[in-house]
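Read the structure below first, then the notes.
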Amino acid sequence: MTTARICSSISVWRAVLVFEGDGPFRGFSEAVIIDVETTGLDPKKDRIVSVGAVRVDFRRFIAHSGDEVKTYYCTVNPECRIPAAASAVHGITDAHVAGEERFADIVDGLRDFVGSRPLIAHNCTFDRSFIDAECRRATKPRLTTTGWYCTMERMCFYERTRGNVRSRIGLQEAAELMCMPAHTSAYHNALQDALITMQLAAGIYMLDNKLEVGSQPSRGAAQNLAPLSSTIAASSRSAFEPANGTGSPQGSSSVFNIINIIPRWLSWLKIMR
């Protein structure tokens, strides 16, 4: 099989893995959105090569139309060769991870970043299975005890309210459905994908919580947000490469204006009512 066909197969299989999210995005305000890039598809033998995460308080984020969020990114030495087919997906090669820390070395810092917050991922079964496998190898406890939530699962649910029966929706398509910016790079980048997923999760959070922002209905909030400009962090691969690669939190980043998702959000509201 050629590298191109293997690369295509990896992308397809990442999109069709069965998700196991914990249901609607309710019962929490703060969460960490996470994404990993790997050497392949099998968590029993393949390894993580990079981790991207975004910490957000959804109620603050929605109320302020894009409150600042905390980000985390690191490359990881998988302790094995990275197949060319995997590098074709995420652009990370053996040279990029030479000298980097192992997952066992960074997991405690990542756990500190997550804290007691739930984790959210797009097709969370993929990311969860790899993170759990790496924690077992490192003889460390799981990254979170407060649940995993799946943006793909919720997107499929809301698409069904429109009569579109879907079992899988990739991140790129999900972003387009929510009228949001998506990839501008040929490569998948863990932090870039986590930032896109965070925007998607913010829209789902509004829908799952009956469009309430505190005590103020979100329809009113949408009117307040209307004059604000729409912004998003630069989405090129290079913009997400940390300078030191240490895996420490990367500080604050104002990611986008919630006004982006309002057209799709209001169309779903109309259907659901």
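Of note:
- Some residue of region 116-132 being free of Cβ contacts under 8 Å to residues at least 60 places away in the same chain and closer than 21 Å to MET198 by Cα: yes
- The residues on offer are SER129, SER116, SER87, SER185, and the sole one that is small (Gly, Ala, Ser) and open to solvent by 50 Å² or more (accessible area, probe 1.4 Å) is SER116.
- Single match in SER116, SER129 (criterion: assigned to a loop (DSSP other than H, G, I, E, B), within 19 Å of GLY147 (Cα to Cα) and of a type in the set (Ser, Thr, Tyr)): SER116
- Filtering region 44-61 to residues that are open to solvent by 10 Å² or more (accessible area, probe 1.4 Å), closer than 25 Å to ALA201 by Cβ and touching a strand residue (DSSP E or B) at 6+ places or on another chain (Cβ under 7 Å) leaves ARG55, ASP57, ARG59.
- Given (1) crowded, with 19+ Cβ neighbours inside 10 Å; (2) charged (D, E, K, R); (3) part of a loop (DSSP other than H, G, I, E, B), number of the condition GLU134 does not satisfy: (3)
- Filtering region 168-179 to residues that are small (Gly, Ala, Ser) and closer than 11 Å to ASN123 by Cβ leaves GLY170, ALA174.
- The requirement of being buried (at least 19 other Cβ atoms within 10 Å of the Cβ), in contact (Cβ under 8 Å) with a residue 60 or more places away in the chain and more than 19 Å from TYR73 (Cα to Cα) is fulfilled somewhere in region 157-168, by at least one residue.
- The residue that is modelled with the lowest pLDDT, counting only those in region 140-164 that are part of a loop (DSSP other than H, G, I, E, B) and in contact with a helix residue (DSSP H, G or I) (Cβ under 8 Å, 6 or more places away or on another chain), is ARG162.
- Looking at region 38-104, the helices (runs of 4 or more DSSP H) lying wholly inside it that each contain 1 or more residues that are touching a His at 6+ places or on another chain (Cβ under 8 Å) and touching a residue at least 12 places away in the same chain (Cβ under 8 Å) sit at 84-90.
- Residue within region 95-106 that is within 17 Å of the chain's Cα centre (by Cα) and either among the small types (Gly, Ala, Ser) or more than 19 Å from ALA202 (Cβ to Cβ) (or both) present: no
The values are calculated or read from the model by the stated rules, or taken from the named source; none is laboratory data. In this text, all values refer to a predicted model and were calculated from it rather than measured experimentally. Cβ atoms come from the backbone with ideal geometry, glycine included; neighbour counts cover every protein chain shown. Please note that ligands, DNA and RNA were not included when accessible areas were found on the heavy atoms of the full protein model with its side chains. Shrake-Rupley method; radii C 1.70, N 1.55, O 1.52, S 1.80 Å.
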